[in-house]
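Read through the structure below, which is laid out as structure tokens, and then see the notes.
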Amino acid sequence: MPVVALFFLPLLIGSCRGIDHNETDQRVFPVISINYQHVQMPFEISLWILLASILKLGFHLVPHVSAVVPESCVLIVVGLLVGGLIRVLGEDPPVLDSQLFFLCLLPPIILDAGYFLPIRPFMENVGTILTFAVLGTLWSAFFMGVALYGACQLEGAELAGVDLLSCLLFGSIVSAVDPVAVLAVFQEIHINELLHILVFGESLLNDAVTVVLYHLFEEFVHRGEVTAGDVFLGVVCFFVVSVGGVLVGCVYGFLAAFTSRFTAHTRVIEPLFVFLYSYMAYLSAEVFHLSGIMALIACGVVMRPYVEANISHKSYTTIKYFLKMWSSVSETLIFIFLGVSTVAGPHAWNWTFVSLTLALCLLSRVLGVVGLTFIINKYRMVKLSGKDQFIVAYGGLRGAIAFSLAFLLSSESCAMKDLFLTAVITVIFFTVFVQGMTIRPLVDLLAVKKKKQSKFSVNEEIHTQFLEHLLTGIEDVCGHYGHHHWRDKHQRSKRTLNISKEREAEIRKMLRANLQKTRQRLRSYSRHTLLPDAEEDDWSETRLRKQRMEMERRMSHFLTVPANRPESPRRARLQTDLDGRAQKASVTFAEELEEHRD
Amino acid sequence: MGSFQSLPDDHQYRTLSQKTGFSLEQIGILHNRFKQLSQNEDTLRNFQKDATGSVQEIGFEEFLTVMSYFRAPAHQITEEQREEIRRAKLRFLFNMHDTDNDGTITLEEYRHVVEELLSRSGALGRETAKGIADAAMLEVASITVGPMAPDEFYEGITFEQFLKILKGVEIETRMHIRFLNMDTTVLCK
């Protein structure tokens with residue numbers, strides 16, 4: 001590929017160092033000189049990003065590939081190729097630096113996910129998600145650790161040196177479902193909302209568990225022995241990490257919301273506040289070893305309703321596009337680097353260990369999901385069927401987070417680092433390639449419910465809204481505070497909390513004028529499918545508004561009310577040529593209703 | 001949950017339980033709530049001033065019947081039963097909208113629904129609400145009746161048409177609340 005040739009460029013140029021001028025006394029004024037050192041780092045970074053983006057383009061231009069193979073697989077393969085090429089050239093391929101990964105590559109993806117998290121399905125299933133995330137990950141980690149230890153002891157030979165704590169550490173690294181991989185694969189299969197949010201929510205929330213377990217076991221391995229008090233402290237640590245992370249996120253979220261009230265005169269830098277506050281939340285959480293991912297999610301979720309009420313439409317668009325762009329590039333880079341690091345990293349291959357890891361991973365995932373669903377279904381209204389459970393279990397992909405955590409292990413305290421690294425890479429490859437590629441045909445085969453493609457019609461909207469109100473009322477009558485009660489209370493408090501009276505009038509005007517905002521908001525959650533914004537600019541806005549006024553006038557004119565009195569039924573005409581325009585108008589009205597739904 | 005004292009009208013509860021499908025504990029709890037709401041009288045008085053076509057007072061049996069519409073369907077039921085439950089719930093909703101009980105939801109009644117819904121959210125004006133109701137009505141007409149001749153008259157939404165337009169919404173699972181087996185009346189005002 002000519003693209004890959006771009007890669008040789010820095011290597012070639014790197015060998016031409018700056019040419020010295022002071023060879024002769026009479027120096028000719030240097031018309032052209034080369035000084036690569038000066039720009040080496042930003043140049044190489046830009047080149048990597050450019051390569052990643054061009055690959056993305058190429059991937060979508062070749063139709064057959066994108067239908068069969070998920071993007072993540074192709075990217076890893078490309079990474080392997082590039083790594084191989086670099087190795088062939090004699091250079092050392094760069095490894096995915098954990099620092100770079102955790103501080104630069106991961107946050108955009110998580111922020112994108114958190115900011116556009118569909119809150120309603122998330123909150124409705126939060127119990128299930130938390131159960132899978134916390135209990136599921138704990139179970140996986142311990143099961144894998146203990147089983148691996150047992151198997152290693154039985155195996156003997158070179159594996160006898162692997163002790164229990166190391167195994168548990170390994171188990172905790174490899175058992176966490178990875179949000180990046182899940183997003184990348186699930187993105188393309190358009191599965192129904194419930195399953196998507198279950199797997200994805202689990203991958204986000206298990207970060208707290210992973211962080212705690214990882215640090216706990218690393219500390220223990222370092223120390224060599226563990227007491228009961230330490231275990232208790234570990235449990236306390238888990239609560240501190242997760243709740244602390246969420247609190248940090250909330251604090252920064254409120255700060256961002258508060259700041260956005262005053263940005264009326266400096267609209268241009270509004271997006272910057274969103275990004276900076278979120279990133280600060282992540283970094284602040286990382287300072288205290290709290291869960292940065294949960295902080296980022298909490299910040300995005302808290303900040304969003306207030307910020308969006310205060311910022312301009314253009315700023316909203318900017319935020320959305322920047323987040324999508326960064327997260328897209330990040331994801332591509334992560335997968336490419338994963339491929340390159342595979343070629344680079346020191347490997348210690350051991351058939352038994354690796355195959356055992358793989359088998360136990362799958363087994364623990366299946367057992368965990370089935371067992372937990374059995375308990376969860378007792379408390380759920382909409383039960384999870386066998387098919388759902390299968391998809392949830394099958395969708396538990398591992399990814400770059402596991403790799404980075406394994407890479408972070410220090411070699412002195414953990415002698416098995418290379419072994420672990422190899423095993424983790426194998427698991428990642430297996431889940432991303434095998435599970436990632438086969439999940440789409442399996443979804444079709446099992447006829448799992450897909451995402452609802454079309455939006456609700458106006459009538460469905462009206463009646464579902466009505467139903468919500470009705471259910472809230474009935475819950476009140478019955479006297480117990482159920483799900484609808486709390487939702488209603490939250491919505492009322494949101495309304496009275498932050499917006500003053502004049503602001504409210506202004507917002508009402510803004511809501512009426514920006515109909516397309518609601519439409520985009522719903523579709524924002526699916527990445528890569530940003531619809532062509534046909535009515536983005538103001539000119540079309542006014543045109544739409546004029547059309548709507550005209551529409552209303554004509555409809556009120558032509559639809560007269562059939563009187564309740566039976567004596568004089570007035571004749572009404574239903575003009576069929578209005579149907580087409582009515583469809584369009586009803587779509588925009590539906591959006592207005594949705595605006596008030598959530 | 002403590003001891004469970006014997007109910008006053010045990011036999012009555014049993015018949016109610018058979019009729020509505022609630023368990024005996026749930027009926028007991030709802031009865032407590034009913035007594036709380038009606039201030040220990042036998043019936044709930046209707047306070048709406050301009051209520052036409054509605055009863056003035058509601059007894060416990062009627063209260064329970066209404067509540068039974070909001071029970072979740074059982075997990076293992078046949079397609080027929082599911083369809084039946086769906087019809088019953090949609091019938092309930094339909095009757096809520098059809099205030100004069102003539103079997104159709106007229107434009108005026110529909111407008112009333114939309115206005116009530118949106119005015120409580122507090123954002124849109126009367127014209128927009130009317131426009132939405134009109135558009136919705138048009139949509140129902142075009143879905144259920146198809147293109148109509150210029151001199152045809154669209155009366156209103158009948159129950160069958162109502163079923164048709166709400167085909168995509170899973171009413172049987174959405175229209176439910178959790179009826180607890182625990183008495184929460186002491187926790188609420």
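The values are calculated or read from the model by the stated rules, or taken from the named source; none is laboratory data. The model shown is predicted, which means the values in this text are computed figures rather than measured ones. Virtual Cβ from ideal backbone geometry, glycine too; neighbours counted across all protein chains shown.
Considered as a group, the residues in region A:422-442 that are out of contact with any Gly (no Cβ under 9 Å at 6 or more places or on another chain) and surrounded by 22 or more Cβ atoms within 10 Å (Cβ to Cβ) include one that is nearest to residue A:64 (Cα to Cα), and that residue is A:436. Does at least one position in region A:236-255 carry a residue that is over 30 Å from residue A:277 (Cβ atoms) and more than 15 Å from the chain's Cα centre (by Cα)? Scanning region A:236-255, I find no residue that is over 30 Å from residue A:277 (Cβ atoms) and more than 15 Å from the chain's Cα centre (by Cα), so the answer is no. Residue A:212 fulfils the conditions (1) in contact (Cβ under 8 Å) with a residue 60 or more places away in the chain; (2) surrounded by 22 or more Cβ atoms within 10 Å (Cβ to Cβ) except for a single criterion, (1). Of the residues A:355, A:284, A:278, A:328, only one is part of a helix (DSSP H, G or I), polar (S, T, N, Q) and surrounded by 24 or more Cβ atoms within 10 Å (Cβ to Cβ); which? Result of the check over A:355, A:284, A:278, A:328: A:278. The residues of region B:58-93 that are within 13 Å of the chain's Cα centre (by Cα), more than 10 Å from chain A (Cβ to nearest Cβ), surrounded by fewer than 20 Cβ atoms within 10 Å (Cβ to Cβ) and hydrophobic (A, V, I, L, M, F, W, C) amount to a single one, B:88.
To keep it simple, each residue is scored yes or no on (1) under 19 Å from residue A:362 (Cβ atoms); (2) among the hydrophobic types (A, V, I, L, M, F, W, C); (3) buried (at least 24 other Cβ atoms within 10 Å of the Cβ).
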site	(1), (2), (3)
A:142	yes, yes, no
A:171	yes, no, yes
A:236	no, yes, no
A:239	no, yes, no
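Is there a residue in region A:165-173 that is within 28 Å of residue A:332 (Cα to Cα), hydrophobic (A, V, I, L, M, F, W, C) and in contact with a helix residue (DSSP H, G or I) (Cβ under 8 Å, 6 or more places away or on another chain)? Within region A:165-173 (the criterion being within 28 Å of residue A:332 (Cα to Cα), hydrophobic (A, V, I, L, M, F, W, C) and in contact with a helix residue (DSSP H, G or I) (Cβ under 8 Å, 6 or more places away or on another chain)), the answer is yes, since at least one residue qualifies. Scanning region B:117-150 for residues that are more than 7 Å from chain A (Cβ to nearest Cβ), surrounded by fewer than 14 Cβ atoms within 10 Å (Cβ to Cβ) and either modelled with pLDDT of 75 or more or outside any helix (DSSP H, G or I) (or both) yields B:122, B:125, B:145, B:146, B:149.
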